[in-house]
Each structure stands twice: as structure tokens, then as C-alpha cells.
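Read-outs throughout are calculated quantities, based only on the coordinates presented, and are distinct from any laboratory measurement. For clarity, every value in this text was computed on a predicted model and none was experimentally measured. Here Cβ is always computed from backbone atoms with ideal geometry, including for glycine, and neighbour counts include all displayed protein chains.
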């Protein structure tokens, strides 16, 4: 399997070359997530209505919901029902959405478009966009705490998952990656810098989604180690594919300007290692992610398919 | 007891008219908090060192540590040792500090000075300041999760405290208050708007500090209700005094430009109700806060003294 070089339709469809069976898996889980999201956001009222509206705008701007689906898939691989991890699944999407809003701010990437729609600050102004991001982060942690009230989840497991989630979100995780990414802009960086940035900026939350799903789903210690390896490889894979798509994808499919990383001299894998090496690296990461799932047997099928989907996605 | 009209020294001292006994109480608790802070921040290294440095800069810029001391005082009123609630105490200071950094941003209040020092974005630039705030919020929630690992605290209590903390931090708490405050700027607002803004922007976290201290300190349900009332009154008192100081205080004592609320037409109590009414309201809130503490008997002494300190502080 290779990424990208063959001709592909210009339709913006994200489901091309989805492993058989995965499409219905994705659709049912995505529906669960979207229904839970709808329940979490009733029509905002009160003096702060505009803030809630801004938060909702970005949450519902049409993401692929990969992180929440990973939480669910990891829990299901451990034999737990999706319902047990819905608050954690939403928490991942809330945190991811806040990071996108802040990432798009004028003082960061200064992007006008996200998922094909005007960015939050373009619609609500910079101040409300900062606060909407702040509010989404707080709500993400509220949801993580709510795990402790879900039937079948022990408070101790909820505490452990919340700790892991906070590590992944903070300065030793996602925020640290964003800071280093920003500081690296326009400077010469090596492959080790790129790995650091990717592992922290994107990888930490992907890995946390998988491992938190496992913890809350009652993973054995062996299953947890397997999920840690899988999640780490998947996180790096995810970002490398994103870099490749930024070089090769088209604006319609990505919902944002492509080639923008090159213009900004962003630290990316294709930039430091070249496109062919980046693609080889992605292939081998998929193999490692799949290998990590062996202890799960057939139960790990959807997680393996998800990794393949991450590699072959077009947006 | 009245606030402010009599002549007072221009020394910037924050300890004038501190109730007898409170000064040593404050000093020992503040030392506990500062030592825990120092342990939480070892010299930052690695690619994200500048981000950690920016976080540390604002954390150590010399706050009065009132929120963490409230956590400790509430736990102690319930008979628990300070050590049991140190992570929660730090969490309050981390969250408060993040809110100050974001509040000072050019797109918010655009302040150059905070606690007499250059604001975070003046030293580290806007991008790192946004990320330092984001990182401090994540760390605050990590610390709240860490409560669940403290000896003597049940994971269930840690989950409950984290939920309450997240509510107070998010769009239905502090962030909601900040959004409404910002939207109200320059517009005509009534007393009910000011109460909403104060109760959310400042009050929510003050109340959360008190109630979380109680939950983690093993409060009975009666004690918890008492702390909720005390915390709510104290939060409003705190902000009204801040408003009064903004009108009457001097720049040296406050560490920021005074009178700035008037220039910006900020929604404040003195602005909507007049200075004398604001002072009467503050006095009656102190009375209500003290009354709420009756079930604690002598154990509630420091909390009562803290409320008086909040009313009589000069900065």
C-alpha cells in the first residue's frame, strides 16, 4: 500500500480506500459521538450565550471524530461497551477543538479557514475565540471527571485516565509540542526536532485517546502496554500523513490551504526527510501499530483498520 | 469596620489591619504553598523550556496565594492536615494564573503591568503567552487528578472535587464571566449584570477553592453546605473590594494602573451602585460569610479572619 502518488478523485471524500467493514464501524461510532455531542450542547442561553455558541460552532464544524472513535474502539477491544467511555470520547474532541481554535489565532498560524469554514476568530472575534478555546479545555476536563460517575467505571480508573489526559494536554504534551513547533518556524530543524514536535503536538492526544479508552474499558496491564505502543505509533503516523497531505492534498479535500507548511517553513517530515522517506516511515509505522495489537486477536480488528484508514485518508 | 476612606500609608503593604493571629497563619500557609510550587517547578529543560519558563514567570510573580490558602483553611476547618490538599491548592493558583495571563492579552485587557511586573506577553510574546496560559490550565487539572493519589483522599472525593473545579473554571464559571465582562465593556450595564460577572469571573473559583478544600478534607454534608455559602459570599466580597480598590487604590499598592476600570467603562459595583453602596454591600457580605461559619465553631476562625482580610486588604 502506498500513499498518494496515484490519481485520485477530486471530490473531497474522506472515505476512499477505507478497509471493508470499517466504514460501517466508523459511521455507527461517529453517530454515537455526534448524538452525545448534541446532548452536551443544548441551545445556549443566558448572558454568556455567545461564548457557548462559539464553542459549539467549532465543535460542530465537521471533524472526522477520529479521537473519540479511538477511545471507543480501544474500550471495545477490551470488551467494554461504547457507552462506558462516551464522556472521555467527547473530552478528546473538546480538547482537540480547543487546540485548533487557538492554533488558528492571529498570533499563531493566523488561518482564515478550518475544515472549509471560517475559523472561530474570523466569526466571533479574537477575544471570544481565546475564551471559547479556554472554555472547551475546561469542559474537556469536566467530562474526564464525569467518567468517575459512569456505571462500570471505578473512580480510581477515572482519576488515572484524567491524569494521563492532563499530561497529554499540557506542557509535557500537546501544548509543549505547539510551543516548540511555533519556535521552530522559519528555522532549520532536524528530524529529531520534527519527531519531538509530532510526538507532542499531535501524538500525545492520539495516544491518550487510545490509552484512556483502555483504562476506562478495564484493560489488563498487558492490554494497556499494547495500547500504549499502538497509540504512540498511530500518533506519529497520523501527523506524518497530515504532513504528506499538506504537500500533496488539494484545498478542497483538506478544507484548508495546502502547501501552507512549505510557505511557512513548518517543521514537517517531508521537509526534513523528503517525501519518499516520509511515506516509507508511514508504512512501517502502520506495520508496528498492527503488530502491537496482536494480543487482542480479532477484538483488535477495528483498531488495526483505523490505523490503515489514518494512512490512506485523503483529508 | 469601613473600607478605604481614612488616610492610609502609601507603602503598598498588603498586611495592614490584618486580624491578629491571621498574619502568622497566612505566612505559614503561604510558605507551604510556595514550597510546593518550587517542587512543582524544577529548572525547565528540553525544547519546550521557554514555555515552562513563561509559565513559571507568572506563577512566581508574587501573588498573595489567597486561593490556595483558602483550600488549606477549608480543609483544616474540617480537621484535615494541609498536606492532604496541597495539589488542589496549587491547582487553584495555576488556574488563577492562567486566567490572568489570558486576561492581560492584547485582545483582552491589553495590560502591560501585572503585580508590578511586565505582563507575560510583554516578556515572552503573545504566542507563548497564550500557550503558557493553556499549559497552566492543563497543569491545574493534572494537579486536581493527583488529589486522587494523596494518602487519605478517596478517588471518589478527588473525582467530585475535580468536577466542581472544572465547572467553576469553564463556560458556566470563570470563562463565562470573562466573556460577559468583555462583552459588557463600554456598554450600559445594571447591577444584575455586575453580579453575574463577579459571581462567575472571580466568585466561581474562590467558591471552588473553599468547597474543594472541604470535599478533600472530608467535610460532612452540613459542613459542605456551610462552605458553599461562605465561599459564595467571599467570592462576591473579593471582587467588590477589587472594584473599590481600583477606584481608590494607588498604583504602587495595586501593582497595576488604578482607575483603569473607569477609563474602560468596566462593569463594576462602584460604577452601577456608587462607592458608598458598594462598601455597605461588602460589609454585609463579610457578616454573611462569618455567619455561615458558625457550625465550625473555633475551627472556622481562620476562614472568618481570611474574609476580614479580603475586606481590609489594600492591594
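Numbers at a glance
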| item | result |
| --- | --- |
| Pseudo-label separations to other copies for residue A:83 - Cα-to-Cβ vector, 7 Å, nm | 4.4 |
| Near-label residues of region B:177-216 by backbone N, under 13 Å of a point 7 Å along Cα→Cβ of residue B:299 | B:214-216 |
| Part-to-part distance (alpha-carbon centres) for region B:28-97 and region A:293-308, which is given in Å | 43 Å |
| Ranked packing of B:134-146, B:231-243, A:273-285, most packed first, by mean Cβ within 10 Å | B:134-146, B:231-243, A:273-285 |
| Position residue B:277, label points 7 Å along Cα→Cβ, spacing to each other copy in nm (shortest first, one decimal) | 7.1 |
| Protection proxy ranking of B:198-208, B:20-30, A:64-74 - average other beta-carbon atoms within 10 Å, highest first | A:64-74, B:198-208, B:20-30 |
| Shielding of B:207-215 by partner chains, average beta-carbon count, 10 Å | 0 |
| Gap separating the Cα centres of region B:271-291 and region B:163-221, nearest whole Å | 18 Å |
| Value at 222 nm in deg cm²/dmol, rounded to 500, when DSSP H runs of n ≥ 4 in chain A each add -39,500 (n - 2.57) | -20500 deg cm²/dmol |
| Region A:72-122: equivalent-ellipsoid semi-axes (sqrt of 5 x gyration tensor eigenvalues, Cα, Å) | 32, 9, 8 |
| For B:101-110, mean number of other protein chain Cβ atoms within 10 Å | 3 |
| Alpha-carbon spread of region A:21-104, three principal axes, descending order, Å | 43, 26, 19 |
| Cα-Cα P(r), the protein assembly as shown, percent of pairs per 10 Å interval | 3, 16, 27, 25, 16, 8, 3, 0, 0 |
| Spin-label proximity, residue A:225 to region A:267-310 - amide N less than 19 Å from point 7 Å beyond Cα toward beta carbon | A:288-297, A:300 |
| Cα-only radius of gyration and Dmax that characterise chain A, units Å | 18.5, 54 |
| Taking the C-alpha atoms of region B:114-200, convex hull volume expressed per residue in Å³ | 149 Å³ |
| Length-normalised contact order of chain A in % [C-alpha pairs under 8 Å, at least 6 apart] | 24 percent |
| Number of partner chain Cβ atoms within 10 Å, mean per residue of A:142-151 | 5 |
